[in-house]
Amino acid sequence: MKYMLIMRATDEAFKGMVDIDFDQMLETVGTYNQELIRAGVLLAAEGLDDAEEGVVVDYSAEPPVVTDGPYGETKELFGGFYILNVASKEEAVEWARRSPMTGPGFKTEIRRVTTIDEFPQDNEWIQKERAWREATGQL
């Protein structure tokens, strides 16, 4: 089963990271990533650029409104993610507990990633997506 570990932090926690030596942070996160790789559970992992550099598309109006920067209050920003292939939610939780990004203001949300196999296989759009995934080596 695939699970996404969504790395979240408050504004204050992100600001506190400025004081951390970048090389030390890379080593700490790299060691954790290597453990995930050695265990054979890591499928993807990415960090996200600063929320100030992003945009938000709000569909509350027609046409949708595009706004620069973080949307609304930024009490907890989504800073990056891991996608793991593990046997259970409990195993995903155990990997999250080992994350090096810890301390006040840091959280990891864990959510199962649904698969294409969970949708009606006789649906035309699911069949097209399955063909695309097969052609691109994703299945």
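Only residues that are under 27 Å from residue 47 (Cα atoms) and either open to solvent by 60 Å² or more (accessible area, probe 1.4 Å) or at pLDDT 95 or above (or both) were counted in the range 114-132, giving 3. Residues that are within 29 Å of residue 93 (Cβ to Cβ), among the β-branched types (Val, Ile, Thr) and surrounded by 12 or more Cβ atoms within 10 Å (Cβ to Cβ): does the range 45-64 have at least one? There is no residue in the range 45-64 that is within 29 Å of residue 93 (Cβ to Cβ), among the β-branched types (Val, Ile, Thr) and surrounded by 12 or more Cβ atoms within 10 Å (Cβ to Cβ). Summed over the range 107-125, the residues that are closer than 25 Å to residue 82 by Cα and either in contact with a Pro (Cβ under 9 Å, 6 or more places away or on another chain) or without any contact (Cβ under 8 Å) to a residue 24 or more places away in the chain (or both) give a count of 5. Residue count for the range 10-58 satisfying the condition of being over 30 Å from residue 138 (Cβ atoms), among the polar types (S, T, N, Q) and within 18 Å of the chain's Cα centre (by Cα): 1. Do we have residue 111 as in contact with a strand residue (DSSP E or B) (Cβ under 9 Å, 6 or more places away or on another chain), loosely packed, with under 10 Cβ neighbours inside 10 Å and modelled with pLDDT of 90 or more here? Criteria not met by residue 111.
Suppose we filter 137, 105 for residues that are under 18 Å from the mean Cα position of the chain (by Cα) and either of a type in the set (Gly, Ala, Ser) or open to solvent by 100 Å² or more (accessible area, probe 1.4 Å) (or both); which single one remains? Please lay out each step first, then the result.
Values: 137 fails: under 18 Å from the mean Cα position of the chain (by Cα).
105 is the lone residue from the list that is under 18 Å from the mean Cα position of the chain (by Cα) and either of a type in the set (Gly, Ala, Ser) or open to solvent by 100 Å² or more (accessible area, probe 1.4 Å) (or both).
Remark: pairs (first residue in the range 20-38, of a type in the set (A, V, I, L, M); second residue open to solvent by less than 70 Å² (accessible area, probe 1.4 Å) and modelled with pLDDT under 95; Cβ separation under 7 Å; 6+ apart in sequence or on different chains) = 29/100. All of (1) without any contact (Cβ under 8 Å) to a residue 24 or more places away in the chain; (2) open to solvent by 40 Å² or more (accessible area, probe 1.4 Å); (3) not aromatic (Phe, Trp, Tyr) hold for residue 85 with one exception: (1).
The values are calculated or read from the model by the stated rules, or taken from the named source; none is laboratory data. The structure presented is a predicted model; accordingly, all values stated were derived computationally and were not measured. Quick reminder, even Gly has a Cβ in these numbers, built from the backbone with ideal geometry, and neighbours come from all protein chains shown. Please note that ligands, DNA and RNA were not included when accessible areas were found on the heavy atoms of the full protein model with its side chains. Shrake-Rupley method; radii C 1.70, N 1.55, O 1.52, S 1.80 Å.
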